[in-house]
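The values are calculated or read from the model by the stated rules, or taken from the named source; none is laboratory data. Please read these numbers as outputs of a predicted model, since none were measured by experiment. Cβ: placed from backbone, ideal geometry, glycine included. Neighbour counts: every protein chain shown.
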Amino acid sequence: MRTAEISRQTNETQITIKLDLDGTGKHEISTGVGFLDHMLTHLAVHGLFDLNVQAKGDLHIDVHHTVEDVALALGQAFDKALGDRKGIVRMGDSFAPMDETLAHVAIDLSGRPYTVVQAEWHTPYVGNIPTTLFPHFFESFAVTSRCNLHARVLYGRDDHHQAEALFKAWARALDMATQFDPRRGGTIPSTKGSF
């Protein structure tokens, strides 16, 4: 069973996450940040992950800690559910269109965290999330999931569409990378023989 349960409790946030990598897209998400809920719903539905995210944060200050800590806990959940990562495809990428926008995300579950996000935003917020937080969300996820994550918006006009396309592409790339490759025979997909 490639599942994980994560609890992250700090003075700023209280988060619990349940994840099944081999799910069907069932989800129950409540972070107190509506647009983040919407984006994590895309992760579950388009990645076919069963995902339960419950978060309470210091939203009376702003959404930063909640968005960041959900990403950190989510990365931990993926890392735990992947276990030793034997037999996985390891790398995946996806393009996702959203009306006038096209986004691309490439993932390598290499054990080495690194992030590049290329996107030009036209407004300071989408919903109640500052657009500066989207790169930070992906950076935080990459650190704790121990993956290379490259995300870019090739073009677009509407920031809602740009964010949505990024998250859909991320979901599809993660789905591809976390799948088993039967040709690997349960070996670690690395020339080093370990991550």
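Just wondering, is there one or more residues in segment 77-100 that are surrounded by 20 or more Cβ atoms within 10 Å (Cβ to Cβ), of a type in the set (S, T, N, Q) and more than 30 Å from I188 (Cβ to Cβ)?
The answer is no, given that none of the residues of segment 77-100 is surrounded by 20 or more Cβ atoms within 10 Å (Cβ to Cβ), of a type in the set (S, T, N, Q) and more than 30 Å from I188 (Cβ to Cβ).
What number of residues within segment 52-72 satisfy the criterion of being farther than 18 Å from N128 by Cα and crowded, with 23+ Cβ neighbours inside 10 Å?
1
So in segment 6-29, with the set limited to residues that are assigned to a strand (DSSP E or B) and more than 16 Å from the chain's Cα centre (by Cα), which one is surrounded by the most Cβ atoms within 10 Å (Cβ to Cβ)?
First pass over segment 6-29, keeping only residues assigned to a strand (DSSP E or B): 6-9, 13-20, 27-29.
Those still in the list that are more than 16 Å from the chain's Cα centre (by Cα) too: 7-9, 13-14.
Numbers: S7: 11, R8: 18, Q9: 10, T13: 22, Q14: 15.
Here the residue is T13.
Just to be sure I understand the filter: pairs with C-beta atoms under 6 Å, separated by 6 or more residues or on different chains, first member in segment 130-154 and among the basic types (K, R), second member surrounded by fewer than 23 Cβ atoms within 10 Å (Cβ to Cβ). Which pairs pass?
Pairs that qualify, where the first residue is among the basic types (K, R) and the partner is surrounded by fewer than 23 Cβ atoms within 10 Å (Cβ to Cβ), are R146/D79; R146/G111; R146/P113; R152/H104; R152/Q118.
Which residue pairs have Cβ atoms closer than 6 Å, lie 6 or more positions apart in sequence or on different chains, and pair a first residue in segment 177-195 that is on the phi > 0 side of the Ramachandran plot with a second residue that is assigned to a loop (DSSP other than H, G, I, E, B) and charged (D, E, K, R)?
As it stands, the answer is G186/K86, since those pairs meet every condition given.
Quick one: which of L72, L51 is in a strand (DSSP E or B), closer than 30 Å to R184 by Cβ and of a type in the set (A, V, I, L, M, F, W, C)?
On the way: L72 fails: in a strand (DSSP E or B).
Result of the check over L72, L51: L51.
Taking segment 71-101 as the region of interest, how many residues are touching a Gly at 6+ places or on another chain (Cβ under 8 Å), under 30 Å from D158 (Cβ atoms) and of a type outside the set (D, E)?
2
Going through segment 115-127 one residue at a time, which ones are out of contact with any Pro (no Cβ under 8 Å at 6 or more places or on another chain) and either of a type in the set (A, V, I, L, M, F, W, C) or loosely packed, with under 14 Cβ neighbours inside 10 Å (or both)? Don't jump to the end; show me each part of the working.
Step one: list which residues in segment 115-127 are out of contact with any Pro (no Cβ under 8 Å at 6 or more places or on another chain), which gives 116, 118, 120-123, 125-127.
Selection gives V116, Q118, E120, W121, H122, T123, V126.
Given the conditions (1) part of a helix (DSSP H, G or I); (2) modelled with pLDDT under 95; (3) closer than 25 Å to I17 by Cβ; (4) of a type in the set (D, E, K, R), and given that K86 satisfies all but one, which numbered condition is not satisfied?
(1)
Within segment 152-176, how many residues are buried (at least 24 other Cβ atoms within 10 Å of the Cβ) and closer than 20 Å to G111 by Cβ?
Of the residues in that region, 3 qualify.
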